[in-house]
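Let me begin by handing over the structure; questions about it come next.
The values are calculated or read from the model by the stated rules, or taken from the named source; none is laboratory data. From a predicted model like this one, the values you see are computed outputs, not experimental measurements. Cβ placement follows ideal geometry from the backbone for every residue including glycine, while neighbour counts extend to all protein chains displayed.
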Amino acid sequence: MSEQEAGLRARLVTVGVELLATRGVQALSLREIARAAGVSHGAPRRYFPTHASLLSAIARQGFTDLAEQAEQAVGGSAADPRARLMALGRAYLAFAAEHSGMFELMFRHDLLENSGLGLRETSLPLFDALVGLVAEARPASAAGPGARIVAGALWANLHGIAQLWGWGSLRLASGADDVDALLAAALDAHLGPAAP
């Protein structure tokens, strides 16, 4: 692929990210991305054989950005694993609030192509980091499901908090002023109460 072709391919992804930020997932038709990029409506097909492959490249950028934010929140911290989980949860919820269109696309596997685009390679390390922190934070005597299952349940809980908070439902139902109390309750539910 020539430098010019690589530049146009990157431009299509960048335009997709911008459309997500301003108009949401519904704006991500091939025709609309091409129009916003200033190219013919057939041009994206030269670089992305399917609509799903272009959406997947856009979602991959979202996973990269989320991983960077999570690393900044957690990385290098000497804090205990539970505090790092709290920081990771805050980063996840902040990303969902600040990038709601991207957040929706990233987890819409009905719209994405999972093979050949590095989507799994970009998204799984973040989940693996969550698994590692859960394993560190759980008491050594913990019985029941393994860290991977507990991390999956915690992630589902975080995702639900992100969605319901974004829609305003959770704030109304819980009376919470911010997500920290909900995040702490989720950690308690999945890991047991914090040590005094």
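Output the residues belonging to segment 33-50 that are surrounded by fewer than 17 Cβ atoms within 10 Å (Cβ to Cβ) and part of a helix (DSSP H, G or I).
Result: 35, 45, 46.
If you don't mind, another one. Within segment 153-179, count every residue that is surrounded by 16 or more Cβ atoms within 10 Å (Cβ to Cβ) and within 18 Å of residue 123 (Cα to Cα).
5
From the set of residues in segment 156-192 that are within 18 Å of residue 86 (Cβ to Cβ) and not in a helix (DSSP H, G or I), which is farthest from the chain's Cα centre (by Cα)?
192
For the condition under 23 Å from residue 168 (Cβ atoms), assigned by TED's automatic domain parsing to the domain that holds residue 135 and not polar (S, T, N, Q), what is the one hit in 111, 105?
Answer to the selection: 105.
Next question. Considering only residues that are loosely packed, with under 12 Cβ neighbours inside 10 Å and outside any helix (DSSP H, G or I), which ones fall in segment 121-144?
If the condition is that a residue be loosely packed, with under 12 Cβ neighbours inside 10 Å and outside any helix (DSSP H, G or I), then 139, 140, 141, 143, 144 are the ones that fit.
Out of everything in segment 61-91 that is assigned to a loop (DSSP other than H, G, I, E, B) and of a type in the set (A, V, I, L, M, F, W, C), what residue ends up being surrounded by the most Cβ atoms within 10 Å (Cβ to Cβ)?
Keep residues of segment 61-91 that are assigned to a loop (DSSP other than H, G, I, E, B), which gives 75-80.
So of that shortlist, the ones also of a type in the set (A, V, I, L, M, F, W, C) come out as 78-79.
Details: 78: 6, 79: 12.
Within segment 61-91, the match that is surrounded by the most Cβ atoms within 10 Å (Cβ to Cβ) is 79.
Would you mind telling me which numbered condition in (1) under 29 Å from residue 181 (Cα atoms); (2) buried (at least 20 other Cβ atoms within 10 Å of the Cβ); (3) of a type in the set (Val, Ile, Thr) residue 58 fails?
(1)
While we're on this one: Scan 183, 164, 172 and give me the residue that is in contact with a Gly (Cβ under 9 Å, 6 or more places away or on another chain) and either assigned by TED's automatic domain parsing to the domain that holds residue 86 or of a type in the set (S, T, N, Q) (or both).
Within the list 183, 164, 172, the selection yields 183.
Under 9 Å between Cβ atoms, at least 6 apart or on separate chains: pull out the pairs that start in segment 60-73 with a residue that is outside the structural domain of residue 86 (by TED's automatic domain parsing) and on the phi > 0 side of the Ramachandran plot and end on any residue that is modelled with pLDDT under 90 and of a type in the set (Phe, Trp, Tyr).
So the pair list comes out empty.
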